[in-house]
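The values are calculated or read from the model by the stated rules, or taken from the named source; none is laboratory data. Quantities reported herein were computed from a predicted structural model and do not represent experimental measurements. Note that we place each Cβ from the backbone using ideal geometry, even for glycine, and neighbour counts take in every protein chain shown. For accessibility, only protein heavy atoms count, side chains too; no ligands or nucleic acids. Shrake-Rupley method; radii C 1.70, N 1.55, O 1.52, S 1.80 Å.
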Amino acid sequence: MLDNIKNIKCDVNDKLLVDREGHKLLRNQSKIIESMCNVIVVPESDVEKIVITLLGIVTEHVLVIGIDLGKRIAYAIIANHLVVDVGYKDDYRKLVERINELKRKLKPKKVIVRIGMPLSKDLIDTLSSLTEELLRMNYDVYVVSEVRSSKEFEVPTALLERSLKNIPRDLLKSDDIRAAIILALRGGIKVG
């Protein structure tokens with residue numbers, strides 16, 4: 001960790017977000033960093049909320065979620081044309097928890113969830129259970145065609161280009177994550 005602190009480079013326009021422990025390490029190791037960039041000290045529990053604010057996401061937005069069902073459930077969460085979270089969950093209940101967690105932090109005026117219609121009959125039960133759970137929370141739920149969802153990526157995601165740079169390369173190369181992003185952007189059939 002200490003070697004990484006010595007290698008941090010920033011200029012006056014950069015913001016460095018740290019918790020209290022990180023700030024203490026910075027002070028002890030490098031006064032140059034504190035004088036060169038804008039160091040923001042936040043409680044560890046607020047880091048995600050602050051990052052989202054720094055990305056420019058404001059209240060009164062719509063949260064759009066794309067879900068690609070499979071052995072693992074891939075998801076993408078978009079707010080104000082910014083991808084704020086992508087990843088995998090092994091169970092749909094864990095995904096619902098993550099969506100609710102971001103909803104509490106971001107306080108959107110509306111949540112739209114677009115779920116790819118699985119081609120496998122084994123996933124129909126998961127689709128049904130997930131849809132019921134999301135409708136119970138008053139989210140707008142759509143079932144979306146998955147055809148070519150991981151292949152037609154570049155054109156529809158041009159609006160998201162700024163935030164896609166923040167997604168780890170290994171996740172962005174994943175066909176399932178790419179499909180989840182595309183599904184979030186597609187129209188579908190409203191459920192309920």
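Side notes on the structure shown:
- All positions within the stretch 21-80 that are closer than 23 Å to residue 171 by Cβ and modelled with pLDDT under 70: 47, 48, 49, 50, 51, 52, 53, 54, 55, 56, 57
- Total residues in the stretch 171-185 satisfying the condition of being of a type outside the set (A, V, I, L, M) and either modelled with pLDDT of 90 or more or surrounded by 17 or more Cβ atoms within 10 Å (Cβ to Cβ) (or both): the figure is 3.
- Residues of the stretch 79-133 that are acidic (Asp, Glu) and assigned to a loop (DSSP other than H, G, I, E, B): 90, 91.
- The residue pairs whose first member lies in the stretch 94-123 and is in contact (Cβ under 8 Å) with a residue 12 or more places away in the chain, whose second member is of a type in the set (Phe, Trp, Tyr) and open to solvent by 30 Å² or more (accessible area, probe 1.4 Å), and whose beta carbons are closer than 8 Å, counting only pairs six or more residues apart or on different chains, are 112/142; 113/142; 114/142; 115/142.
- Selected residue (criterion: modelled with the lowest pLDDT) from residues of the stretch 130-169 that are under 15 Å from the mean Cα position of the chain (by Cα) and loosely packed, with under 12 Cβ neighbours inside 10 Å: 161
- If the condition is being under 21 Å from the mean Cα position of the chain (by Cα), open to solvent by less than 40 Å² (accessible area, probe 1.4 Å) and more than 19 Å from residue 192 (Cβ to Cβ), then the stretch 103-129 contributes only 106.
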